[in-house]
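Each remark here refers to the structure printed beneath this line.
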Amino acid sequence: MGEEVVFSGIQPSGRIHVGNYLGAIKNWVKLQDQHLCYYCVVDYHAITSPYEPGAFSQAVLDAVAANVAAGLDPDRSVIFVQSQVPEHTELCWILGAVTPAGELQRMTQYKDRARVRREVVNAGVLTYPILQAADILAYKGTLVPIGEDQAQHLELTREIARKFNAAYGPTFPEPQVSFSPSPRIMSLSDPRVKMSKSIPGSYLSLMAEPAAIQETVARAVTDTGPTPGGEMSPGVATLFHLLDAFAPGETAERFRAAHRQGGLRYSELKAVLAECLIERLEPIRRRYRELMARPETLKDIVRHGTARARPAACATLEEVREKVGILKV
Ligand code: AQP
């Protein structure tokens with residue numbers, strides 16, 4: 001086992017998509033061979049966005065199934081659900097006492113939801129990054145594999161760790177970020193924004209059936225007109241990112257050469273990309289279906305992960321409570 005303690009999380013807030021996979025999960029799978037890895041379905045984060053309570057526990061199991069189907073191994077990695085380890089929320093409260101409120105208001109994700117998406121913003125959206133810091137620091141995480149959209153939150157986690165250490169003595173490492181080669185996959189319907197579970201039409205689900213893959217890829221935005229200097233437009237660049245990730249190298253190179261020569265036919269590119277996606281995602285889809293048919297196995301995975309995560313989080317909390325001066329009777 002390597003020396004890094006890896007922590008990362010995913011929200012059970014919709015269909016897990018190829019952006020989540022290429023930006024995060026694929027990297028998680030690789031890291032589990034070398035390090036102690038904690039991978040968490042962050043359900044308390046997800047309830048800060050509109051959601052369906054009656055379907056929520058199923059959505060959590062669905063996220064567990066998708067991650068295991070994509071290659072996370074419950075024996076090598078600690079796979080668990082945030083709410084099952086209440087030390088995360090307790091640590092969140094304590095860390096809130098060293099977190100500057102102004103920093104929270106500066107977070108792009110908060111500003112985006114408050115202003116751009118015009119949601120009624122609850123306090124949980126504002127304090128979200130403190131809970132994220134608690135998730136990581138409860139395990140004294142040193143390496144955090146995430147997509148680019150989470151980089152600002154991780155920077156705040158580092159600041160919170162520094163502030164806690166300065167106030168109460170050295171306790172937490174400052175976790176480092178780990179980006180995959182595709183840290184930001186853009187939306188298929190609007191390449192100016194990232195692919196996102198909560199934006200219908202923006203994403204391609206990792207579990208999509210062949211017909212849905214063909215349809216989603218066929219609908220993907222390419223060019224809205226000629227690009228200056230024959231540059232690749234953002235929509236076409238996204239298709240090439242997917243091609244690089246899911247097609248054989250020579251296929252991507254053939255289409256790149258066609259683009260350079262001005263002879264790229266988008267319909268052909270999309271058809272080939274869809275075929276590659278169908279083939280490469282088929283084993284994930286099959287494992288996912290098998291797991292979803294066995295809810296008890298999924299619950300066992302969560303129980304097993306919780307039993308491994310909780311002692312580590314409890315040990316950190318005990319140390320933190322003592323340093324902060326909390327009464328022990
Ligand atoms: N488009 C993306 N490209 C690369 N990485 C991405 N991630 C998310 N979108 C992309 C990374 O996936 C991990 C899990 O994400 P999350 O579920 O915690 O939340 P998110 O980033 O907010 O994901 P979504 O899909 O956009 O969900 P909603 O719409 O619910 O907010 C993270 O490491 C993230 O960086």
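The values are calculated or read from the model by the stated rules, or taken from the named source; none is laboratory data. For clarity, every value in this text was computed on a predicted model and none was experimentally measured. Note that each Cβ is placed from the backbone with ideal geometry, even for glycine, and that neighbours are counted across all protein chains shown.
One table, with the values for the structure above:
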read-out: Residue 72 vs. criteria in a loop (DSSP other than H, G, I, E, B), assigned by TED's automatic domain parsing to the domain that holds residue 301, surrounded by 16 or more Cβ atoms within 10 Å (Cβ to Cβ) and without any contact (Cβ under 8 Å) to a residue 60 or more places away in the chain; value: yes
read-out: Wholly within the range 247-329, helices (runs of 4 or more DSSP H) carrying at least 3 residues that are farther than 21 Å from residue 18 by Cα; value: 249-260, 295-324
read-out: Pairs with Cβ under 7 Å, 6+ apart, first in the range 88-112 and surrounded by 12 or more Cβ atoms within 10 Å (Cβ to Cβ), second of a type in the set (Phe, Trp, Tyr); value: 89/44; 95/164; 98/164; 104/110
read-out: Whichever residue in the range 14-30 is more than 11 Å from the chain's Cα centre (by Cα) and part of a loop (DSSP other than H, G, I, E, B) and, among such residues, is nearest to the ligand (Cβ to nearest atom); value: 14
read-out: Among the candidates 75, 33, residue that is more than 15 Å from the ligand (Cβ to nearest atom) and either among the hydroxyl-bearing types (Ser, Thr, Tyr) or at pLDDT below 95 (or both); value: 33
read-out: Subset of the range 185-197 that is at pLDDT 95 or above and in contact with a Gly (Cβ under 6 Å, 6 or more places away or on another chain) - its residue that is surrounded by the most Cβ atoms within 10 Å (Cβ to Cβ); value: 185
read-out: Residue, nearest to residue 259 (Cα to Cα), within the range 210-232, restricted to residues that are at pLDDT below 70 and β-branched (Val, Ile, Thr); value: 227
read-out: Per-region count, the range 36-68, residues more than 21 Å from residue 199 (Cα to Cα) and part of a loop (DSSP other than H, G, I, E, B); value: 0
read-out: Criterion: modelled with pLDDT of 95 or more, among the aliphatic types (A, V, I, L, M) and near the ligand (Cβ under 10 Å from one of its atoms) - qualifying residue of 46, 55, 65; value: 46
read-out: Candidate set: the range 278-302, residues that are closer than 20 Å to residue 68 by Cβ and of a type in the set (A, V, I, L, M); chosen: the one surrounded by the fewest Cβ atoms within 10 Å (Cβ to Cβ); value: 293
read-out: Test set (1) closer than 30 Å to residue 35 by Cβ; (2) in contact (Cβ under 8 Å) with a residue 40 or more places away in the chain - residue 122 fails condition number; value: (1)
read-out: Residues that are in contact with a Phe, Trp or Tyr (Cβ under 6 Å, 6 or more places away or on another chain) and more than 14 Å from residue 199 (Cα to Cα), drawn from the range 11-32; value: 28
read-out: Residue check for residue 200: crowded, with 16+ Cβ neighbours inside 10 Å, closer than 30 Å to residue 130 by Cα and either among the acidic types (Asp, Glu) or within 25 Å of the chain's Cα centre (by Cα) (or both); value: no
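Table: residues versus (1) assigned to a helix (DSSP H, G or I); (2) away from the ligand (no atom under 13 Å from the Cβ); (3) surrounded by 24 or more Cβ atoms within 10 Å (Cβ to Cβ); (4) at pLDDT 95 or above.
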{"site": "135", "(1), (2), (3), (4)": "yes, no, yes, yes"}
{"site": "149", "(1), (2), (3), (4)": "yes, no, no, yes"}
{"site": "156", "(1), (2), (3), (4)": "yes, yes, no, yes"}
{"site": "160", "(1), (2), (3), (4)": "yes, yes, yes, yes"}
{"site": "163", "(1), (2), (3), (4)": "yes, yes, no, yes"}
{"site": "166", "(1), (2), (3), (4)": "yes, yes, no, yes"}
{"site": "170", "(1), (2), (3), (4)": "no, yes, no, yes"}
{"site": "174", "(1), (2), (3), (4)": "no, yes, no, yes"}
